[in-house]
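Single-structure report; data block below.
The values are calculated or read from the model by the stated rules, or taken from the named source; none is laboratory data. Treat the numbers as computed from the prediction; the structure is a model and nothing was measured. Please note: Cβ atoms are built from the backbone with ideal geometry, for glycine as well, and neighbour counts cover all protein chains shown. Side chains are part of the model used for accessible areas, which takes the heavy atoms of the whole protein and leaves out ligands, DNA and RNA. Shrake-Rupley method; radii C 1.70, N 1.55, O 1.52, S 1.80 Å.
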Amino acid sequence: MKKTIYLDNAATTKTAPEVVEAMLPYFTEFYGNASSIYRLGAQSLQAVTAARDVIAASIGADSSEIYFTAGGSEADNWALKAAAEAYRQKGRHIITSKIEHHAVLHTCEYLEKSGFEITYLDVDECGLISPEELEEAIRPDTILISVMFANNEIGTIEPIEEIGRIARAHSVLFHTDAVQAYGQVPIDVDKLNIDMLSASAHKMNGPKGIGFLYIRKGVKIRSFVHGGAQERKRRAGTENVTGIVGFAKAAELSMASMEERIERETGLRDYLIARIEKEIPFSRLNGHRTLRLPNNVNFCFRFIEGESLLIKLDMQGICASSGSACTSGSLDPSHVLLAIGLEHEIAHGSLRLTLGPETTKEELDQTVEALKEIVKQLRGMSPLYEDFIKNKNSELQEESHVQ
Ligand SMILES: *Cc1c(COP(=O)(O)O)cnc(C)c1O
């Protein structure tokens, strides 16, 4: 069995060894309930408090504005549902984009059923929303704008600073799903006028099942889970102390290495993009070339079915994805690729390769070689490709006759 080449870091990441090490004592030694009076409990509470400080500092927030959740999906659900409920007297209109993660889109559909009206902004061929269109969509009854920081499929980074400025100027709350961006690019909630922000540990080398929602002081927001007094009575449930400790360790590591990592991964990303564009015919890069996460590569290969590509890559030990992990298993093409204007057939032949801190140039070289071979093989079996080449050749012949 070949060594695994893991290029699916947008789906989840390997937990960093330092993170695992930081978590271990909270399973075995400091296992107290953070709400208990005795010292064993106080030690857990101390760890949670310290972790909250680290995470707050990483986005320029105050510790009292960080609420731990069970991950990114919960944070997105909370932000949208609780803001909708708290502000429904003011209005029932919410603005989002067509390329959000399903945690946002399906929550919006749920809110539509309970009387809210949602505007889904279009994106251009690179996946960017238009700030002008956003501003035009704002109405007197608009209570919330939710636009993701960076897209999980095509890596495009949205104009967050402009969106924040517009939201603030119209006194509308601004939530951003930063699950893909947090830990990858610098984020300052004050500079960007962000009122709520969702993040998740397992997308940045932390453990699974822990995330946070940042809620700016002064924002009216309802409790999401009712029960005990944890998370300032907003989200009940015994603290996930090990997860919280691991999340903070992952945040600490990613903040310390961010600059160097961005430079390294951007270099590798652009190297991979250049090789694929040069060496695989009829390929198309999806997403913006520069306003893009440092670790994201997404291509369409014409006449290829994404699922077959993934299976053949897997046989060579290469982990990648087609569309998003959450939609694989369904035959619908990705809503993101359709929103950037791709035809159904072409959208089916997409491949996402997402790099991590351990990704090497050698691994990318091996991946390109495997990909070239597989694409050739699959096209060799495709009647569409055969017709296409025949037509193309006869066109060329006709042209040469004319001359
Ligand atoms: C992964 C992801 C989520 C969901 O986060 P979980 O922690 O897996 O629930 C939400 N939004 C985006 C953009 C993501 O990539």
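Being open to solvent by 70 Å² or more (accessible area, probe 1.4 Å), within 16 Å of the ligand (Cβ to nearest atom) and farther than 24 Å from Val123 by Cα is the requirement here; does Lys14 meet it? Criteria met by Lys14.
Among residues of segment 101-122 that are of a type in the set (Lys, Arg), none has a beta-carbon under 8 Å from a residue that is away from the ligand (no atom under 11 Å from the Cβ) at least six positions away or on a different chain.
Residue count for segment 139-158 satisfying the condition of being crowded, with 24+ Cβ neighbours inside 10 Å and in a strand (DSSP E or B): 5. When the residues of segment 233-281 are filtered to those that are of a type in the set (Ser, Thr, Tyr) and surrounded by fewer than 16 Cβ atoms within 10 Å (Cβ to Cβ), the one that is farthest from Asn33 (Cα to Cα) is Tyr271. Take the residues in segment 207-218 that are part of a loop (DSSP other than H, G, I, E, B) and more than 10 Å from the ligand (Cβ to nearest atom), then tell me which one is most open to solvent (accessible area, probe 1.4 Å). Only one residue fits best here, namely Lys217.
Checking Ser130, Ser200 one by one, the residue that is touching a residue at least 60 places away in the same chain (Cβ under 8 Å) and either surrounded by 24 or more Cβ atoms within 10 Å (Cβ to Cβ) or farther than 27 Å from Phe247 by Cα (or both) is Ser200 and no other. Applying a threshold of 6 Å to beta carbon distances and a minimum spacing of six or more residues, or different chains, the list of pairs starting in segment 162-183 at a residue that is at positive phi and away from the ligand (no atom under 16 Å from the Cβ) and ending at one that is open to solvent by less than 10 Å² (accessible area, probe 1.4 Å) and aromatic (Phe, Trp, Tyr) is empty. Only one entry in Thr119, Thr28 is touching a strand residue (DSSP E or B) at 6+ places or on another chain (Cβ under 9 Å) and hydroxyl-bearing (Ser, Thr, Tyr), namely Thr119.
Selection over segment 73-128 of residues that are among the hydrophobic types (A, V, I, L, M, F, W, C) and within 15 Å of the ligand (Cβ to nearest atom) gives a count of 10.
Restricting segment 184-206 to residues that are part of a strand (DSSP E or B) and near the ligand (Cβ under 10 Å from one of its atoms) leaves a set whose member that is farthest from Ala250 (Cα to Cα) is Ser198.
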